[in-house]
């Protein structure tokens, strides 16, 4: 496995700063301060910030520079609408008979072992790996790249979800349904279970943001 480049490492670190709340929505992001903090030159920082702008996580104006995007329930609903449409196509395209269920079960053990309130990044990474390992069986790799981008754009919202007391149990239950659908090679149930899993996150975070989800 290739070592991440300097820009990739910066990207991961800055993403985590945003997801953890270290960098808040609306806060200005200074390249020089980040470079000093991450102990790198400004070049990889500039590349990372440009990527985050393309993903919609940062906003850029010529006179003010970069700021962390302000998040809203409307943005969340649009992101999750796009995720639902694209992920449904991905799941429907998978030959469930070829999925290594034992591998997914091992990844789920990592999800279960991570405590969301104390190990937020580890929990999120294990959760992400569970879903994207399943997605990787799809032949729709261009669609998968777009889903990957949408997941990064919604990282902040999922960070709100995982700190809810009931989130770990709910995630485990939902993943259990997904695993069982894969075992049964039941594509319709897999899509149903995934939809309900995704919607549970969306509904809870919209409530946290203080607005009702549009129907």
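The values are calculated or read from the model by the stated rules, or taken from the named source; none is laboratory data. What you are looking at is a predicted structure, and each value in this text was computed from that prediction instead of being measured. For neighbour counting, all protein chains shown are included, and Cβ atoms are generated from backbone atoms with ideal geometry for every residue, glycine included.
Okay, here's what the table says:
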| quantity | calculated |
| --- | --- |
| Subset of the range 55-69 [modelled with pLDDT under 85, more than 22 Å from residue 5 (Cβ to Cβ) and crowded, with 17+ Cβ neighbours inside 10 Å] | 69 |
| Selection count, the range 89-100, where residues are in contact (Cβ under 8 Å) with a residue 60 or more places away in the chain and either surrounded by fewer than 14 Cβ atoms within 10 Å (Cβ to Cβ) or not assigned by TED's automatic domain parsing to the domain that holds residue 191 (or both) | 2 |
| Qualifying residue in the range 151-169 (condition: modelled with pLDDT under 95, in a helix (DSSP H, G or I), exposed (fewer than 15 other Cβ atoms within 10 Å of the Cβ) and more than 18 Å from the chain's Cα centre (by Cα)) | yes |
| So residue 65, is it without any contact (Cβ under 8 Å) to a residue 60 or more places away in the chain and in contact with a helix residue (DSSP H, G or I) (Cβ under 8 Å, 6 or more places away or on another chain) | yes |
| Verdict on residue 135 being buried (at least 17 other Cβ atoms within 10 Å of the Cβ), within 14 Å of the chain's Cα centre (by Cα) and at pLDDT 95 or above | yes |
| Top-ranked residue in the range 178-191 [being more than 20 Å from the chain's Cα centre (by Cα) and part of a helix (DSSP H, G or I); ranked as nearest to residue 94 (Cα to Cα)] | 187 |
| Those residues of the range 28-54 which are surrounded by fewer than 15 Cβ atoms within 10 Å (Cβ to Cβ) and not in a helix (DSSP H, G or I), in sequence order | 28, 30, 39, 41 |
| Matching residues in the range 95-120 - criterion: being under 26 Å from residue 29 (Cα atoms) and at pLDDT 95 or above | none |
| Residue in the range 80-94 that is modelled with pLDDT under 90, within 24 Å of residue 16 (Cβ to Cβ) and assigned to a helix (DSSP H, G or I) present | no |
